1. Just from its helices, what would the mean residue ellipticity at 222 nm be for chain B, if runs of 4 or more DSSP H residues each count -39500 (n - 2.57) and the sum is divided by every residue, rounded to the nearest 500 deg cm²/dmol?
2. Averaged across B:158-167, how many Cβ atoms of other chains sit within 10 Å of each residue's Cβ atom?
3. Of B:Lys81/B:Lys168; B:Lys139/B:Lys232; B:Lys14/B:Lys180; B:Lys194/B:Lys261; B:Lys139/B:Lys180, which pairs sit farther than 30 Å apart, going by alpha carbon to alpha carbon?
4. Alpha carbons only, please: Rg and Dmax for chain B, in angstrom.
5. What's the longest uninterrupted piece of chain B once you rule out the trypsin sites (Lys or Arg not before Pro) that are loop residues per DSSP with at most 12 other Cβ within 10 Å?
6. So what are the radius of gyration and Dmax for the Cα set of the stretch A:1-47, in Å?
7. Between the stretch B:13-66 and the stretch B:75-121, how many Å separate their Cα centres?
8. Please give the FRET efficiency for B:Glu69 paired with B:Asp250, using the beta carbon to beta carbon distance and R0 = 41 Å, rounded to the nearest 0.05.
Amino acid sequence: MTLRDIINKLLRRQPASASTARERLQLVLAHDRSDLSTDLLDKMRREILEVVARYVEIDMEEGAVSLETEDRMTALVANLPIKRTLNGQIKLNETVNQEKKEEKPEEMEADFIDSKESTPN
Amino acid sequence: MASDTRVILICSGKGGVGKTTLTANLGISLARQGKTTAVLDADFGLRNLDLLLGLENRIVYTAQEVLEEECRLDQALVKHKQESNLSLLPAGNPRMLDWLKPDDMQRIVEMLSDQFKYVLIDCPAGVEDGFKNAMYASKEAIVVTNPEVSAVRDADRVIGLLNTNGIKPVQLVLNRVRPKMMANQEMLSINDVKDILALPLLGLVLEDEQVIVSTNRGEPLTLNSTNAPAAKCYLNIARRLEGEDIPLIDPAKEISGFGAKFKRLMQTKIF
């Protein structure tokens with residue numbers, strides 16, 4: 001985020017279009033590169049949520065599964081806020097992926113797909 | 001085949017981003033640096049390289065007659081009037097698309113490689129057979145793109161294909177850069193494009209009205225208007241291809257006058 005973006009935000013103006021372009025591109029490229037359709041991604045999202053829900057109580061509304069891309073590597077990122085574990089305790093720091101706990105201690109993050117170059121036909 | 005010949009595919013995916021203009025100007029620049037250079041118009045459907053080089057009236061034979069062995073390669077090659085190191089192999093009839101195979105393209109490139117230090121292939125837009133034929137015959141590639149979402153997206157698709165086919169190095173040229181729009185953050189920045197496509201940047205080319213003037217005349221900018229902003233960019237790209245270490249221009253420094261400093265300040269990344 002640049003100084004201009006912050007000022008625009010404070011003034012409730014539309015952000016400069018370059019940042020919008022960047023964000024839209026990153027999203028569309030993640031999909032282009034993975035060759036996954038939104039339907040398939042949605043199905044996968046629901047199944048992942050089901051599996052996780054067997055072990056911990058999660059907020060089904062808030063859960064997000066998305067494709068993120070950086071340096072031509074695409075990762076499937078699931079961000080699933082945990083309400084509580086099924087035995088009633090919230091003990092995230094031990095049970096959950098430790099990498100990112102300092103950023104989002106109340107959420108579970110799991111990077112599923114290791115990485116994959118885009119596979120054009 | 002002379003193994004040290006550099007066979008470079010100039011491609012973009014999207015049409016109209018400046019492949020042909022880059023090919024013409026790189027051809028002139030490399031020739032001027034004393035390198036024997038052939039530019040091959042692989043866009044058989046919509047050929048234009050001859051027009052940009054001002055050689056359209058001097059075409060007798062094309063790649064088609066060479067492949068059909070109706071003429072020798074040197075009969076089809078059109079030598080540039082001012083830069084004798086540069087030759088064009090014109091694209092044949094659009095009907096060539098029906099029968100041209102990757103092998104044919106490879107044969108042509110091999111013939112050219114015997115005589116030239118550089119073979120620049122002006123690739124057709126798209127990712128279909130025309131592109132693929134040209135790609136199979138190439139060793140390395142330059143991907144041209146503009147700082148616009150559609151051009152970057154298409155470039156990404158092409159880069160994926162080049163990677164899976166083992167073409168390397170693949171380098172990026174960012175064309176039609178508008179420093180003012182970038183300063184106002186109304187255009188994807190150099191770093192945005194570089195990061196998204198994850199390619200080394202071979203150069204950037206400033207948007208320049210003189211490019212149109214030069215195409216009107218059929219004289220690439222690098223031929224006679226070497227002071228034009230875009231001409232300098234093209235010349236730098238050619239020198240970098242030759243391994244010279246020339247720093248990239250900073251678009252922020254290209255804008256002057258009131259407010260330039262302020263705009264630079266506004267671009268400061270906070271987080």
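1. Using -39500 (n - 2.57) per qualifying helix, the result is -11500 deg cm²/dmol.
2. 3
3. B:Lys81/B:Lys168; B:Lys139/B:Lys180
4. Taking only Cα atoms of chain B, I get Rg and Dmax of 18.5, 65 Å.
5. Longest gap between qualifying sites, sites excluded: B:96-271.
6. Cα only, the stretch A:1-47: 15.4, 42 Å (Rg, Dmax).
7. 9
8. Values: r = 52 Å, r/R0 = 1.26.
Once the sixth-power term is evaluated, E becomes 0.20.
Laboratory data are not the source of any read-out in this text; all were calculated from the coordinates shown. Remember, predicted model here, so these are calculated numbers, not experimental data. Counting neighbours? That spans all protein chains shown, and the Cβs are built from the backbone with ideal geometry, glycine included.
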